[in-house]
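The structure under discussion appears below in the form of structure tokens.
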Amino acid sequence: MKIENIDIEVSIAKAQALVREDRELSASTRSIVEILILIITLLANRLNLNSTNSSKPPSSDPNRKKRLKKTGKKAGGQKGHVGTTLKQVDQPDIVEVINIDRRKLPSGKYRAGFERRQVFDIDISRIVIEYRAQILEDQKGKQFVASFPEAVTKAVQYGTGVKAQ
């Protein structure tokens, strides 16, 4: 591996050879230098990691080579493509009329009209249905309880429409 025209692997190999050949180094100094060389080797190897040869995701790899698909087409919608859009409905649920402040207009007679714009909104609301089963008790204290619908099995539960949301 090279960084700024310095071959790190060759430099580390030379340093290791010098440490092995030097007979005047004490055992403790030799072990410290070997540990330092090991740390430098590990750090240098980490510099060479990227998203293709490690578990690093491509989005966190700023130096990755981005692959661009060359289709020969410009970005965006192409000529001749029929787009789709929302269509206005004839009977909106709510109509809000926005009037012009006529005090700010010059005096004169005006013909009134409207420009329509519609906003589609999805309203998810909670509806709680309570089932009350009638209880009848005879003179002997025996109770008779009306049957709940088959899907109602608990005192409080989600309805079948919740799964659709």
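I'd like the trypsin sites (Lys or Arg not before Pro) in the stretch 104-136 restricted to DSSP loop residues with at most 12 other Cβ atoms within 10 Å, sorted by number. Taking the stretch 104-136 and a limit of 12 other Cβ atoms within 10 Å, the loop trypsin sites (Lys or Arg not before Pro) found are Lys109, Arg111, Arg116, Arg117, Arg126, Arg132.
Here the simple spin-label model places points 7 Å from the Cα toward Cβ, and for Lys70 and Arg132 these points are separated by 7.7 nm. Could you pull out which residues in the stretch 51-82 have an amide N less than 19 Å from a spot 7 Å beyond the Cα of Leu43, following the Cα-Cβ vector? Flagged as within label range: none. For the Cα atoms of the chain, what angle does the longest principal axis make with the long axis of helix 27-47, in degrees from 0 to 90, nearest 10? On a 0 to 90 degree scale, this one is about 40. Peptides 88-97, 14-23 ranked from most to least packed, by the mean per-residue count of other Cβ atoms within 10 Å: 14-23, 88-97. The length gained on full extension between Glu4 and Ile32, counted as 0.36 nm times the residue separation minus their Cα-Cα distance, comes to 7.4 nm. Of the peptides 28-34, 139-145, the ranking by mean beta-carbon count within 10 Å, highest at the top, reads 28-34, 139-145.
Counting 0.36 nm for each residue step from Ile94 to Lys154 and taking away their Cα separation leaves a gain of 17.8 nm.
Laboratory data are not the source of any read-out in this text; all were calculated from the coordinates shown. Note that the structure is a prediction, hence the values are computed from the model and not measured. Cβ atoms come from the backbone with ideal geometry, glycine included; neighbour counts cover every protein chain shown.
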